[in-house]
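Reading through the structure tokens given below for one structure.
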Amino acid sequence: MRCRRCKGLLVKERIYDLYDTQLHLDAWRCVACGDVLDALILRNRVARKAQ
Ligand SMILES: [Zn+2]
């Protein structure tokens, strides 16, 4: 998987919710520019495209 901004390498990262640490999600972070792609962002993007 590659970064959509700089085509850098994305690494998988686990993000924890600030208020409820039992809630977490897997995200992709670019090692080059630090851009973060998480499942929610991806889902929103797909939803927007579908409308
Ligand atoms: Zn990047």
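The values are calculated or read from the model by the stated rules, or taken from the named source; none is laboratory data. Model, not experiment: these values are computed from the prediction. With ideal geometry, Cβ positions are generated from the backbone for all residues, glycine too; neighbour counts draw on all protein chains shown. These accessible areas exclude ligands, DNA and RNA; they are computed on the full protein's heavy atoms, side chains included. Shrake-Rupley method; radii C 1.70, N 1.55, O 1.52, S 1.80 Å.
Considering only residues of segment 1-46 that are open to solvent by less than 70 Å² (accessible area, probe 1.4 Å) and part of a loop (DSSP other than H, G, I, E, B), which is farthest from the ligand (Cβ to nearest atom)? Ranking the candidates gives Asp20 first. Number of residues in segment 23-51 that are at pLDDT below 75 and of a type in the set (S, T, N, Q) equals 1.
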